[in-house]
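Asks: Before anything else, here's the structure in question.
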Amino acid sequence: MYWQYVLRRVLLTVPTLLIASTLVFMVVRLLPGDPALLIVSDAQDPVLLEATRERLGLNKPLIVQYALWLRQMVGLDMGVSISTGLPVAELIGTRFAVTARIVTIACLVALLLAVPLGLLAAARHNRALDRGVMMASILLLSVPSFWVALLLILLFGVTLRWLPTVGYVSPSEDLLLALKFAVMPVLALCLTVIGQLARMMRSTSLDVLASDYILFARAKGLSEQAVLGRHALPNALAPTLTVAGMIFGALLGGAAVIETIFTIPGIGRLLVDSIYARDYPVIQGSVLLVGFVYIMVNLAVDLLHPLLDPRVEY
Amino acid sequence: MLPETDKAMLWRLLVHRIALCGTFLLAACAEEAPRESTLRVALSADIRTTEPGVLRDSNTDDVLMHIIEPLFSYTENLEVAPLLSSGWQMSDDGRRYDVGLRRGVLFHNEAPLTADIVAWNIQRYLDPETGWICRSLFDGSRGLRLAAVEVTAEDSIRFTLEEPDSSFLHKLANLQCNMGIVHPDSLDADGEWVTPIGTGPFKLDEWRAGEFVEMSRNPEYAPVQSPRDGLAGNRSPQVQTVRWVVVPEPAAARAGLLSGQLDLVTKLQPADLFDLKYASDIRIHRGVSLDWNVLLMQTEGTVLDDIALRRAIAHAVDADTLAEITAGQGSEANPAIIQPTSSFHRSCMKAGHVYDPELARQWLSRSAYAGQPLTLMANKRFPAMFENAIIIQHMLKEAGISTQLEIVEWTTQLDYYARGDFELMSFGYTGRTHPLLSYSVILGSKSDNPMMQWEDPISLAYLADIERGSDDERMVDQLCELHDRMIDQAPLLNLFNAMAIDAHVDSVSGYQTTTFNKPRLWGVAIDAETRTSAR
Amino acid sequence: MRDINMVVGAGLCLLWLLVALLSVVYMPYDPLAMALDGRLRPPSVDHWMGTDQYGRDLLSRILAASGVSLMVSALTVLAAFTAGVLIGAIAGYLGGSFDRLVMVVAESFMAFPSLLLVLLFLSISGPSIAAVILALSIAFTPMVIRVTRSSVFSLREQQFIEAARLSGSSKSAVLWRHLLPNCVSPLSILATSMFANVLLVESALSFLGLGVPAPQATWGALLADSRQYLAVAPWLSLYPGVVITLAVVGVNLLGDGLRDLVDPRLRQLVEGQNA
């Protein structure tokens, strides 16, 4: 039963991705503006413009371009970037790895903070701690994150000079330096997530704490720590993890603004840049990758759900 | 259950731990050995490629000009000066140019520069397969046709033109064309571009797409003996390494400079200076650049074919105020297409439309304009174009002309521009180094090329005359005549030249802004000892 | 606790509405009037919130923007809900192949971060208020479809619906009179969280230069443009930032209060969607 469900879900991603990629192909070509023009505009030369279009394969009929692209995709070839001539697969691969690293850390940090906070808030329902956590989390998810990022740079980067503000260092090069570079972007990313997850954790914990078996556990005389840690936590965690998974998936493609502010060469910024440059193959490739990962993350979360939460059955 | 005291202990321990981690982190930030002589320069977007003149943009040109060098380049007041060449000799009929090569110049792979290699480069650029963006300047489609390129000696090469052309050397030195001479090993056996093996003061070390371009000093560099001047003269490198860091967000670039992670940020906007000028360890350089800002008016098929309306607009715009706000204090309006620093600039080119709201109203009443809003297109990518549009809207409103802003993406605006599909457009041109090149950007037939702004057969004839002529005095007269016609017909409004604004930390020395608005890193040194940096 | 939430939230939202209405009849200055000799002035008696880079009064600009921001958020939510509820309800009620098709398409849309969809759309249409609203509502509609559909789906088999169907009501009557009214509470909660989200996404759009175009401005645009002057004119960034935060806090608190009022059990559903 479970495996049938898994198989069905996996197969369902194929039409989803096909629809999505066709959509993206069409949408991208509807964009006004011409990548060839961006390259040769300074020459002010219509003949050269036409020649450049031809060289880039932009003057073929749309349907032919689509067929060519589909054939490439079947061969797992994503083509080359229009504006740089680099292979798309390589380009989006390295960029995606950068984003994935930062976003993973941000989500883990957020989970580590939000889960205990939410649980404690629920355990102290309607007391000062609860109110404090709730107020703080509402505040966190209400502040525009690019504003926070700018203020962080102003404080820790410019005024105090504690942390670097520009660029990115891969942990394989220099772990300590990589950590220093990651502190502010991770902070800017995870504040909102902490808010979302703490609220989620609190509300599910409240439900769990009100259930019969917790009452029973308390009646047995178990300590508060034992009740919270051994009984409430495992049962309340599953929905929070589900939401965390969804946020994780969304951030993998949606961290463009933070990446721009902190100059992180991630996939979000690549996407925005390639939209501006009308670099069709790069837009298509990265959208497809982001979409695929998002679907897979959600799928994984869904599939893990019954394993994490003993109450859910299929 | 833990007794209360134990719990308190645990808490205290936890707090202590956190504090400890914090201190550790800070300590780690503080102890950072000074790095060796590396200059870190912000690049507003990644380079497109390492191949010159093909998939180009200004960032790509800026980086590559340090690695590869053309035969000729420009001095600060826009005179052509030899760079890889030792000089030139023009034949009496103006059709033959004999160009000598400088001796002792080595490529980065230590191969010597020869006339054969130069000829090979020229042929490669002219080959349609290469996709060089300036081919049309030499193949006869826009006037000049390069009939032959011959090697006449080991260090001498002869260019033969079909017709004499006073701008030939300017076209060879053209900045956008970036006609750098590279060693044939820059290409692989199939003729595909691999890496630039040039003769420049720096060698390309690593390009990590989206992150940085790193280049190091060329120890074998053989400089020209004359002092550094514009992009010509002595180009000796003074720093060991240059790292171009890709920083697309201007706020991030400023923060990087202020926090000591970037040493030099170029092409700043006046608005950026608000943050920088109060910092004690930042040096700011400003200078008038070749890039010029314009208000385009579509004379074909819109209400703006009405010359009275165009004159009304011209008198309603206070270009001096505009210059001061958009380009910063000290900037002045320039009604000419030729920049004041150019050796071709004359006082006749100072005449333009004076700011006079009363006159504007008079012209407006003589026009067919009936109060309908005109569309004014601009973009946010280039802050000057955006700010000009906002302020021009305000100024036109005062004069009774109603406009509607249409802020679009730069790419989109460029498309409208290329099709000539607009009413008013706030636009900017990259600097052209010769009056002929400047005028050929705007003057031409709109039906042949919608990118042209000014269609005037008489002026076009002047232009062709200038191109063939070789008498400089006559040429200046003709340029004055051209300028007068342009002001009279008001096909577009030249506003002002953009300011080149660059800023660096005070451990950098020897840097100067150039009129080309390009970061020029030869002759620049950095004192790694005095640098107070977070990194 | 829940009452305080509700009161504070409703109070902030009401304040927003009042300010937006006030700005129609009164503003201290014309928000677009430039004073080129009074640029970047700090807060003073004449200009309570200082002036911007063109000497425009910031308070007046924030007042004027309150209406624009309110309109963008409200119309986006309205449009997304009109389309989403209609499609979602029909899909959930009819089931079968139509339902499957709708869900595959909705999933395809949801596979992309909403910011990206909006970015692509706006690049095509060119930015204008209408385009920003349309783009945002397209990005948010699939979520409404999903929530409506699953609510209708779960209600479909319940006894009172069965009873209505047996008593001879037409399909559409069952849908409109019996099914949809029972989806109101989850949808109203989704609406508040979406309202808050739209405000934040619109700010991010402005940051990327694709928000509501100048000279009109939303709070997000004011905040995004202020980054040029962060160190020299911090008030330009501070006031819009605080105003946006307060507005989003208000809407979120209102949503919380609403949720506690109608059905505490709905928390999980909606907070799941919030992501």
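We did not get these values from a lab; they are worked out from the coordinates using the rules stated. If you're wondering where the values come from, they're calculated on a predicted model, not measured in any experiment. Neighbour counts are summed over all protein chains in view; Cβ atoms, including those assigned to glycine, are modelled from backbone coordinates with ideal geometry.
Asks: Rg and Dmax of segment A:122-206, using alpha carbons, in Å: what are they?
Replies: For segment A:122-206, the Cα-based Rg and Dmax read 16.2, 48 Å.
Asks: Roughly speaking, what is the centre-to-centre gap between segment C:20-45 and segment B:85-127 when only Cα atoms are used, to the nearest Å?
Replies: That distance is 63 Å.
Asks: If I take every Cα pair under 8 Å that is 6 or more residues apart in chain A, average their sequence separation and divide by the length, what percent do I get for the relative contact order?
Replies: 26 percent
Asks: Over 17 Å apart: what share of the alpha carbon pairs of segment B:436-535 falls there, rounded to a whole percent? Write out the running numbers ahead of the final one.
Replies: Numbers: 3277 of 4950 pairs.
It works out to 66 percent of all Cα pairs.
Asks: Only helical DSSP H runs with n ≥ 4 go in: add -39500 (n - 2.57) per run for the protein assembly as shown, normalise by residue count and round the 222 nm mean residue ellipticity to 500 deg cm²/dmol.
Replies: Helix contribution divided over all residues of the protein assembly as shown: -17000 deg cm²/dmol.
Asks: Order of B:365-374, A:137-146 by packing, highest average Cβ count within 10 Å first?
Replies: So the peptides B:365-374, A:137-146, ranked by packing, come out A:137-146, B:365-374.
Asks: Sticking with this one: Given 25 °C and 0.890 mPa s, compute D for segment B:214-302 with the Stokes-Einstein relation, Rh being the Kirkwood radius over Cα pairs; round to the nearest whole µm²/s.
Replies: Stokes-Einstein gives a translational diffusion coefficient of 146 µm²/s.
Asks: Using the alpha-carbon centroid of each, what span in Å lies between segment A:112-169 and segment B:407-426?
Replies: Value for the Cα centre distance between the two parts: 43 Å.
Asks: Regarding segment B:140-253, what whole-number volume in Å³ per residue does the convex hull of its Cα atoms give?
Replies: 213 Å³
Asks: In the structure shown, do any of B:K267/B:K350; B:K171/B:K267; B:K267/B:K446 have a Cα-Cα gap over 28 Å, and if so which?
Replies: Violating the 28 Å limit, Cα to Cα: B:K267/B:K446.
Asks: With axes computed from alpha carbons, what is the tilt in degrees of helix C:129-156 against the longest principal axis of chain C, rounded to the nearest 10 within 0 to 90?
Replies: Rounded to the nearest ten degrees, it is 30.
Asks: For A:S223 and C:L17, what does the FRET efficiency come to when R0 = 56 Å and r is the distance between their Cβ atoms, rounded to the nearest 0.05? Display every interim value, and only then the final one.
Replies: Working: r = 50 Å, r/R0 = 0.89.
Once rounded, the FRET efficiency stands at 0.65.
Asks: While we're here: Points 7 angstrom from Cα along the Cβ direction at A:A300 and B:E162: gap in nanometres?
Replies: It is 6.4 nm.
Asks: Do you know the relative contact order of chain B, to the nearest whole percent, from alpha carbon pairs under 8 angstrom that are 6+ apart?
Replies: Computed value for chain B: 19 percent relative contact order.
Asks: Something else about it: Using the beta-carbon distance between C:A33 and A:L108 and R0 = 60 Å, what value does 1/(1 + (r/R0)^6) give for FRET efficiency, to the nearest 0.05?
Replies: Numbers: r = 50 Å, r/R0 = 0.84.
E(calc), rounded to 0.05, equals 0.75.
Asks: Between A:L160, A:L129, A:L108, where does the largest GNM mean-square fluctuation fall for chain A, given springs only between Cα atoms within less than 10 Å?
Replies: A:L160
Asks: Let me ask something else. By count of other Cβ within 10 Å, fewest leading, how are A:T159, C:T51, B:T75, B:T514 ordered?
Replies: By the 10 Å Cβ count, ascending: A:T159, B:T75, B:T514, C:T51.
Asks: Sticking with this structure for a sec: What order, most packed first, do the peptides C:114-120, A:249-255 have when packing is the mean number of other Cβ atoms within 10 Å of each residue? If you can, show how the numbers build up before the last one.
Replies: Working: C:114-120: 23.3, A:249-255: 25.0.
Result, highest mean Cβ count within 10 Å first: A:249-255, C:114-120.
Asks: If neighbour count is taken as other Cβ atoms inside 10 Å, put A:I194, C:I4 in order from fewest to most. Mind dumping the intermediate values first?
Replies: On the way: A:I194 24, C:I4 11.
With the fewest neighbours first, A:I194, C:I4 line up as C:I4, A:I194.
Asks: Let me ask you something else. For B:S365 and B:E398 in one chain, what is 0.36 nm times their gap in residues minus the Cα-Cα distance, to one decimal in nm?
Replies: Residue separation times 0.36 nm, minus the Cα-Cα distance, leaves 10.4 nm.
Asks: Still on this structure: Would you list the P(r) distribution for segment B:160-211, with all Cα-Cα distances sorted into 10 Å bins from 0 and each bin expressed as a whole %?
Replies: Calculated P(r), rounded to whole percents: 19, 33, 31, 14, 3.
Asks: Along each of the three principal axes of the Cα atoms of segment C:220-260, give the extent in whole Å, ordering the values from largest to smallest.
Replies: In descending order, the Cα extents are 44, 14, 8 Å.
Asks: Sticking with this one: State to the nearest 20 debye the size of the charge dipole of segment B:87-187 about its Cα centre, where the only charges are +1 on K and R beta carbons and -1 on D and E beta carbons.
Replies: In debye, rounded to 20, segment B:87-187 gives about 280.
Asks: In Å, the Kirkwood hydrodynamic radius of chain B over pairs of distinct alpha carbons?
Replies: When all Cα pairs of chain B are included, the Kirkwood radius is 25.5 Å.
Asks: Counting only Cα atoms, I'd like the Rg/Rh figure for segment A:135-183, Kirkwood definition for Rh.
Replies: 1.09
Asks: Peptide A:27-36: average number of partner chain Cβ atoms within 10 Å per residue?
Replies: Neighbouring Cβ atoms belonging to other protein chains average 5 per residue here.
Asks: Determine the distance separating the Cα centre of segment A:46-98 from the Cα centre of segment B:175-212; give it in Å without decimals.
Replies: If you average the Cα positions of each part, the centres end up 23 Å apart.
Asks: I'd like the projected area of segment A:1-81, averaged over all directions, using the convex hull of its alpha carbons. Report it in nm² with one decimal.
Replies: For the Cα atoms of segment A:1-81, the hull's average projected area reads 6.8 nm².
Asks: Let me ask something else. Looking at the P(r) of segment A:86-149, how many percent of alpha-carbon pairs lie beyond 14 Å?
Replies: Result for the distance tail: 71 percent.
Asks: What does the average come to when, for each residue of peptide C:247-260, you count the partner chain Cβ atoms lying within 10 Å of its Cβ?
Replies: So the per-residue partner count for this stretch is 2.
Asks: On average, how many beta carbons from a partner chain sit within 10 Å of the beta carbon of a residue in A:255-261?
Replies: 5
Asks: Could you tell me the extents of segment B:283-363's C-alpha atoms along the three principal axes, largest first, rounded to whole Å?
Replies: 47, 25, 24
Asks: What stretch of chain A, leaving out the sites themselves, is the longest with no GluC sites (Glu not before Pro) in a DSSP loop having at most 11 other Cβ atoms within 10 Å?
Replies: Here the longest run is A:1-172.
Asks: Sticking with this one: What ranking do B:H183, B:H394 get, fewest neighbouring Cβ atoms within 10 angstrom at the top?
Replies: Result, fewest neighbours first: B:H394, B:H183.
Asks: Against the longest principal axis of chain A, how steep is helix A:233-254, in degrees 0 to 90 to the nearest 10, with axes from Cα atoms?
Replies: 20 degrees
Asks: Rg and Dmax of chain C over Cα atoms: what are they, in angstrom?
Replies: When restricted to the Cα atoms of chain C, Rg and Dmax are 21.4, 76 Å.
Asks: Between Rg and the Kirkwood Rh of the protein assembly as shown, both from Cα atoms, what is the Rg to Rh ratio?
Replies: 1.00
Asks: Give the Rg/Rh ratio for segment A:191-260, taking Rg as the radius of gyration of the Cα atoms and Rh as the Kirkwood radius, to two decimals.
Replies: 1.17
Asks: Please state, to two decimals, what the Cα-based radius of gyration of segment B:354-444 comes to when divided by 2.2 N^0.38 Å (N = residues).
Replies: Values: Rg = 15.0 Å, N = 91, 2.2 N^0.38 = 12.2 Å.
Its radius of gyration relative to the 2.2 N^0.38 Å reference: 1.22.
Asks: Scanning chain B for helices, which whole DSSP H stretches are 15 Å or more long along the axis (Cα) and average 0.5 or more by Kyte-Doolittle?
Replies: Helices meeting the span and hydropathy rule in chain B are B:4-30.
Asks: Within 10 Å, count the other beta carbons around each residue, average over each peptide in C:73-81, B:109-117, C:197-205, and list them highest first.
Replies: C:197-205, C:73-81, B:109-117
Asks: For segment B:41-134, report the % of Cα-Cα distances exceeding 17 Å.
Replies: Percentage above 17 Å: 63.
Asks: May I pose another question? For segment C:60-147, calculate the relative contact order in percent as a whole number, restricting contacts to Cα pairs under 8 Å that are 6 or more residues apart. Don't skip to the end; give the middle numbers.
Replies: Working: 67 pairs, mean separation 40.7, N = 88.
It comes to 46 percent, rounded to a whole number.
Asks: Measure nothing fancy, just the Cα-based angle from helix C:96-110's long axis to the longest principal axis of chain C, in degrees from 0 to 90, nearest 10.
Replies: Helix C:96-110 and the main axis of chain C meet at about 20 degrees.
Asks: Dividing the convex hull volume of the Cα atoms of chain A by its residue count, what figure in Å³ per residue is obtained?
Replies: On the way: hull volume 54.7 nm³, N = 314.
Spelled out: Cα convex hull of chain A, divided by residues, is 174 Å³.
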